[in-house]
1. Being modelled with pLDDT under 85 and not assigned by TED's automatic domain parsing to the domain that holds Val201: is that true of Pro42 here?
2. Conditions: (1) hydrophobic (A, V, I, L, M, F, W, C); (2) modelled with pLDDT under 80; (3) surrounded by fewer than 12 Cβ atoms within 10 Å (Cβ to Cβ). Trp163 meets all but one. Number of the miss?
3. Just need a number here: residues in region 2-23 that are more than 18 Å from Asp51 (Cβ to Cβ) and more than 19 Å from the chain's Cα centre (by Cα).
Amino acid sequence: MQTNALRGLLYEFGIVLPEGHRVLLKHIHDELAKAQEQARLPEVVVVSVQDQLRRIDGLQADIDQLDKRLASMVQQNQHMQALQAIPGIGALTATALVSTATDLSSFDSGRQFAAWLGLTPRQTGTGGKTRQLGISKRGDPYVRTLLMHGARAVIARSQRSGWIERLLLRRPYSVVVAALANKLARTAWAVLVKGKAFDPVRWNPVDRAAA
């Protein structure tokens, strides 16, 4: 958010910076120096941008420290390590899942666990006809949000031959994200409750059939 705000501010003065947090920080100092030499930026803007960059450096240091703590937690927990093998589940989501769902065995199935997280569709119907609505959004909103973000990351990296790409051809993007987040939750339940390693072949059945 901070770097995006800087990008938008400097764009108003004709300075175009690349997208992406780390890439922007790599180029912004050179671009700022050039703008100062060419008198393209008022001094008050230069000072403000420099202050903002110092705040961003502080935030990045805090983030890096938290990442190290999470990595240390994962290394000491076999359940978290097993979850990280699932596409779309990183250290943050793994720790959140293990911490939130302390007794997954209380759920009879992965679908029940996904429903507890609010990742199953709501249904309505009259006259014998049933219509599916959006996800129920019950349960823990933080874990659900992490799984949704993980689903988006998986979709961004998907290949055209994958089952995700095939689903995108048939359904809207938001529906695919919710469906994949549901699958992430069900897979996490299976890995933790059944004690089996993540199986990439079962995860991608379309690719297996195509092979």
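1. No; evaluated as a whole, the condition is false for this residue.
2. Trp163 satisfies every listed condition except (3).
3. So the count comes out to 5.
The values are calculated or read from the model by the stated rules, or taken from the named source; none is laboratory data. Everything quoted here is computed from the prediction, not taken from an experiment. Positions of Cβ are backbone-derived with ideal geometry, glycine not excepted, and every protein chain shown enters the neighbour counts.
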